[in-house]
Amino acid sequence: MGVDNSLRLGNFSNNFKVEVVRLSDDGMELEFDMIGIDAALANAFRRILIAEIPTMAIEKVLIANNTSVVQDEVLAHRLGLIPIKADPRLFENFSENDTANEKNTIVFKLHVSCKKGGPRVKVLSKDLKWLPNGSELQLESTNPSAKPQTYTKFSCSQDSMPEFSNDPIGPKDEDIILAKLGPGQEIELEGHAVKGVGKTHAKWSPVATAWYRMLPEVVLLQEVEDEKAEELVRKCPVNVFDIEDIGDGHKKAIAARPRTCTLCRECVSGGGWDKFVELRRVRDHFIFTIESTGALPPELLFTEAVKILEEKCERILAELS
């Protein structure tokens with residue numbers, strides 16, 4: 001048996017490369033190729049993208065009033081799943097022993113009501129308003145003589161946070177429906193967003209999805225010409241094959257777009273087509289797709305995943321040494 005050199009450092013350094021194929025118009029989806037990499041390493045990138053890159057998400061919800069048909073727990077869950085447009089690298093991690101401040105907590109206010117006799121009102125994510133000075137909510141104590149308690153009052157102001165002056169913090173999408181209010185109903189609450197990672201809860205995952213597939217390889221085992229070439233073109237539902245003129249009134253089929261192949265095997269089904277066409281996968285060529293939720297652009301998510309993988313490698317080397 002031959003020796004597998006795929007994981008040798010020299011072989012990896014010479015062959016590995018990343019090629020960006022497509023960035024969507026809204027900047028939320030990135031498709032790129034990772035070439036010369038092992039499947040285990042490719043899957044490590046995928047898992048880091050989903051579960052280990054931190055983002056900001058609403059963790060604590062203080063409800064002052066909720067007379068809608070949506071229960072408090074369901075409303076809090078919906079708020080947590082709203083993608084927050086805030087760079088998590090500018091914030092610190094928050095633990096149970098920490099005091100909430102402008103460095104580890106983002107406070108949002110939501111107050112929407114529907115007048116009696118008026119039409120129904122949609123409560124949308126755009127109704128979440130960022131409070132740079134911290135909480136404004138006062139909750140009444142069970143002790144009548146006690147003063148109302150104020151939560152998370154910050155000493156900062158929006159002017160003292162220049163990194164957000166041109167791009168204020170808020171929901172990435174403004175038209176997410178949280179609830180619908182009937183006449184006389186009202187929602188008043190505060191949501192406190194903190195830093196977290198997807199392996200703790202999916203609401204902190206920075207990607208809607210991150211996935212990869214091996215590059216398909218479509219091989220013509222022999223020449224497919226004239227009527228048979230046209231039949232092969234018709235058989236493929238994703239238009240992988242094309243017709244090429246070879247002169248003297250003859251034409252042949254070519255695999256013009258193997259990247260679009262979904263390996264559905266329609267081209268090799270029936271009629272002995274498996275003698276003409278063979279479907280393979282390039283084992284060290286992966287097509288990656290990253291769909292960001294909006295907290296960070298997908299190209300930045302990839303670089304953050306590289307940094308996290310690098311930290312893991314350094315930690316292992318330190319332990320081994």
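Sorting check: for 16-24, 261-269, which peptide has the highest mean count of neighbouring beta carbons within 10 Å, and how do the rest follow?
Working: 16-24: 11.8, 261-269: 15.1.
The most tightly packed comes first, giving 261-269, 16-24.
For the chain, what does the helix formula give at 222 nm: sum of -39500 (n - 2.57) over DSSP H segments with n ≥ 4, over the residue count, nearest 500 deg cm²/dmol?
Numbers: 5 runs with 62 residues, N = 321.
For the chain, the value works out to -6000 deg cm²/dmol.
About its Cα centre, what dipole magnitude does the chain give when the only charges are +1 on Lys and Arg Cβ and -1 on Asp and Glu Cβ, stated in debye to the nearest 20? Write out the running numbers ahead of the final one.
Values: 40 positive and 51 negative charges, 204 e Å.
It works out to roughly 980 debye.
At a Cα cut-off below 16 Å, give the aspartates and glutamates reachable from Lys312, other chains included and same-chain residues fewer than 8 away excluded.
Glu52, Glu304
Run the quick spin-label model on Leu23 and Glu73: label points 7 Å from Cα toward the beta carbon, then report their separation in nm to one decimal.
So the two model labels end up 4.3 nm from each other.
Over 26 Å between C-alpha atoms is what I'm after, so list which of Lys17/Lys252; Lys115/Lys195; Lys103/Lys307 land there. Intermediate results must be reported in sequence, preceding the final value.
Working: Lys17/Lys252 34 Å; Lys115/Lys195 36 Å; Lys103/Lys307 23 Å.
The answer is Lys17/Lys252; Lys115/Lys195.
Lys116: which lysines have alpha carbons under 27 Å from its alpha carbon, excluding same-chain residues fewer than 8 sequence positions away?
The reachable lysines, counting only those whose Cα sits under 27 Å from Lys116, are Lys126, Lys129, Lys180.
Rank by packing, highest mean first: peptides 205-218, 305-318, with packing defined as the count of other Cβ atoms within 10 Å averaged across residues.
Going by the mean number of other Cβ atoms within 10 Å, highest first, we get 205-218, 305-318.
Under a cut-off of 13 Å between alpha-carbon atoms, report the aspartates and glutamates in cross-link reach of Lys109, not counting same-chain residues fewer than 8 places apart.
List returned: Asp127, Glu136, Glu188, Glu190.
Of the listed peptides 243-253, 189-199, 72-82, what is their order by residue-averaged count of other C-beta atoms within 10 Å, with the highest listed first? It would help to have the intermediate numbers written out before the result.
On the way: 243-253: 12.8, 189-199: 21.2, 72-82: 17.1.
Order by mean packing, descending: 189-199, 72-82, 243-253.
Coordinate-derived values only; no laboratory data. None of these values were measured; they are calculated from a predicted model. Backbone-built Cβ (ideal geometry, glycine too); neighbour counts: all protein chains shown.
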